[in-house]
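Reading through the structure tokens given below for one structure.
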Amino acid sequence: AQENAAIALPSEEDWVAIIIGFGLRDQTYPWGQTLADEFGSPGGNVATSDLEEASTVGVFSPLAPSGLIDFGSNVCCWLASSHRGSDRYIGAHFNSTEREAHITPLRTHPEHPGTRREYVGFWLIKR
């Protein structure tokens, strides 16, 4: 482990690098091509999971072949980069529709990340 590694919110470019690096570029969802598995269970915590709230981290991870924990579902993630003065987040959350759960929905929001929302969280990366 690096002792002096900087920890930061990912940028939009970091998010794209994760998608490419984990071989997710051609997938519709982080966990595969379909929203649900062969038993009808969604691969991530989105509206069809019926939880209606953020789940414990890792609940859906066994369904993600990439091994990424809660990547692209459960809660949206704040990005370090902004667009036209608006803060940005990416990914899907527990009330996202099937279309919103696609791997790269980028959203802008006019409020500061300090504003609490139950559907927006964060990932941290080492630089």
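Here's how it looks for Ala80: its modeled amide H is under 5 Å from those of Ser11, Glu12, which are all 5 or more places away or on a different chain. Rolling a 1.4 Å probe over the protein heavy atoms gives region 1-54 an accessible area of 63 Å² per residue. Applying the Karplus relation 6.51 cos²θ - 1.76 cosθ + 1.60 with θ = phi - 60° to region 94-99 yields 3J(HN,Hα) values of 5, 10, 5, 6, 4, 5 Hz, where x marks Gly and Pro. Amide H to amide H distances under 5 Å link Gly72 with Ala92, where only residues 5 or more positions off or on other chains count and H is placed in the peptide plane. With all protein chains in place and a 1.4 Å probe, the accessible surface of region 1-61 carries 51 percent carbon and sulfur. Name the long-range amide H neighbours of Asp87: under 5 Å, sequence gap of 5 or more, or other chain; modelled H, no Pro or chain starts. Hits under the 5 Å cutoff: His109, Glu111.
The values are calculated or read from the model by the stated rules, or taken from the named source; none is laboratory data. No experiment lies behind these values; they were computed from the predicted model shown. Calculation scope for accessible area: heavy atoms of the full protein, side chains included, ligands and nucleic acids excluded. Shrake-Rupley method; radii C 1.70, N 1.55, O 1.52, S 1.80 Å.
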